1. Enumerate the calculated ³J(HN,Hα) couplings along segment 101-114 in order (Karplus 6.51 cos²θ - 1.76 cosθ + 1.60, θ = phi - 60°), each rounded to whole Hz, writing x wherever the residue is Gly or Pro.
2. Between D81 and L25, with labels modelled 7 Å along Cα→Cβ, what's the label distance in nm to one decimal, could you check?
3. About its Cα centre, what dipole magnitude does segment 1-63 give when the only charges are +1 on Lys and Arg Cβ and -1 on Asp and Glu Cβ, stated in debye to the nearest 20?
4. Which peptide among 142-155, 171-184, 211-224, 23-36 comes first, and what is the full order, when sorted by highest mean count of other Cβ atoms within 10 Å?
5. Aspartates and glutamates within cross-link reach of K192: Cα-Cα under 12 Å, excluding same-chain residues under 8 positions apart?
6. How many nm is it between the label spots at C201 and R89, if each spot is 7 Å from the Cα in line with the beta carbon?
7. Compute the orientation-averaged projected area for segment 131-174 from the convex hull of its Cα atoms and round it to one decimal in nm².
8. Does the chain come out rounded, prolate or oblate by the C-alpha gyration tensor, with a ≥ b ≥ c the root eigenvalues, rounded set by a/c under 1.5 and, if not, prolate when a/b is larger than b/c and oblate if not?
Amino acid sequence: MIETAQWITLNTPQAVAERAVEEILRCAGAALEQQEHFKLVLAGGRTPALTYAMLAEKGINFSRWMFFLGDERCLPPEHPDRNSQLVVRHLLKPAQIPLQQFFPIPAELGAETGAQEYEKTIEGCLPFDCVLLGLGEDGHTASLFPGHSQEKTRLVVPVHNAPKAPSERISLTATALNTASTVVFLVAGKDKCSAVQQWRCGDEIPAATVSGAHETLIFVDKAANC
Ligand code: 6PG
C-alpha cells in the first residue's frame, strides 16, 4: 500500500534537523532489532549538514550502521563540493566512524562508469532502511531533475547536463530509493517555496516520485512553507 507523504512544518532549520535525527534513530532502532546492519542513504547538498552534525554528537554506537549516498557530483574524491566530503566532514570524522562503513559513489570514474560500479555495490544491499533526501528549487531530489527521463529499470544512473552544477552527476533512481522503509526529506529556506507549493498541489516533480514503503516524512521549515 502506498502511504501518502506526511508534511511536518517546523519553525527553524535547527528544528528540522532535530526531528530528522529523531526519525533516523527511531528507524535505526527498529532495523537493528530485526537485522545485523542499519542501511542509511545520506543526502547531499547543504541542508543535511546540520542533521549530520547533530547525529554525530549523539554519542551512539554506529558500529552496525552502513552509510550510502543518494547522489554524487562527478568531481575528484577530495573536492570540497563532493557530497562524500559533506558526509566525512560533518558525520564520519566527528563521530569517528570508520570509512569502511561508508560506501561513497565513485563519481571520479565519470558518470557512466561510476553509475555501473555503484549499481554493483548497492544491488546486494537492498532494501535500504532509511533514505534522507533534500529538495531542489526546481523540485529535484538526489540528482533526479525535472525533464530528465526517469529510468525505472536501473538502480543507479548517470546524469548529464544537470541544471545544478556540476552538470555531470550520478544518482540513485526512485526504484532504488523507494526500497527503503522510510524516506525523510529535509527542506529549509525560502528558496524552496515554489517547489513545496508544486509538490503540495500534486505536481509530479521528481521529489514526488520518491516514497518509503512504510512512511514518507517531509520536514519543512516555516521559511519554505510559504
Ligand atoms: C546535490 C544534492 C541535491 C540537494 C538539493 C538541495 O548534490 O546537490 O543531492 O539533490 O539535495 O539540491 O540542496 P540544498 O540542501 O543545498 O538546498
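The values are calculated or read from the model by the stated rules, or taken from the named source; none is laboratory data. In this text, all values refer to a predicted model and were calculated from it rather than measured experimentally. Cβ sites come from the backbone with ideal geometry, for glycine too, and all protein chains shown count toward neighbours. Heads up: the accessible areas ignore ligands, DNA and RNA and are worked out on the full protein's heavy atoms, side chains in. Shrake-Rupley method; radii C 1.70, N 1.55, O 1.52, S 1.80 Å.
1. Running phi through 6.51 cos²θ - 1.76 cosθ + 1.60 with θ = phi - 60° gives 8, 10, 10, x, 7, x, 5, 5, 7, x, 4, 5, 5, x Hz.
2. 3.5
3. 180
4. Ranking the peptides 142-155, 171-184, 211-224, 23-36 by packing returns 171-184, 211-224, 142-155, 23-36.
5. Leaving aside aspartates and glutamates fewer than 8 places away in the same chain, those within reach of K192 are E137, D138, D221.
6. Result for the modelled spin labels: 3.5 nm.
7. 3.0
8. In terms of gyration-tensor shape, rounded.
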